[in-house]
1. Among all residue pairs at least 6 apart or on different chains, which show Cβ distances below 7 Å where the first residue, located in the stretch 34-59, is free of Cβ contacts under 8 Å to residues at least 40 places away in the same chain and of a type in the set (Gly, Ala, Ser) and the second is assigned to a loop (DSSP other than H, G, I, E, B) and surrounded by 15 or more Cβ atoms within 10 Å (Cβ to Cβ)?
2. So which of Leu41, Leu45, Leu13 is surrounded by 10 or more Cβ atoms within 10 Å (Cβ to Cβ) and modelled with pLDDT under 90?
Amino acid sequence: MHAKAQSCSGVRLMDVEDFIRTWTNASASERQTAQSFVIQLCRVLGVAAPNDEKVGDPDYGFERIVRFLPLTARRRKPIWI
């Protein structure tokens, strides 16, 4: 059965078979294809991908700035905030 991709709530959908066919033989590294994979997986699942609804949303994106607090004599491990 070949399901057609449709649009739902403004989110473009991708056909499951097309997704599998695309990624089964992907030759690029995980780092090179990670964002494309996630975007297309979101299309298959029918959910918004990062930047679909709110461009630059700091809570739903691919990369986020990580800041480390300085180490002190009492605290030996860095804390990510």
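1. If the second residue must be assigned to a loop (DSSP other than H, G, I, E, B) and surrounded by 15 or more Cβ atoms within 10 Å (Cβ to Cβ), the pairs left are Gly46/Leu13.
2. It is Leu13.
The values are calculated or read from the model by the stated rules, or taken from the named source; none is laboratory data. All of these numbers come straight from a predicted model, not from anything done at the bench. All Cβ positions, even for glycine, are placed from backbone atoms using ideal geometry, and neighbour counts span all protein chains on display.
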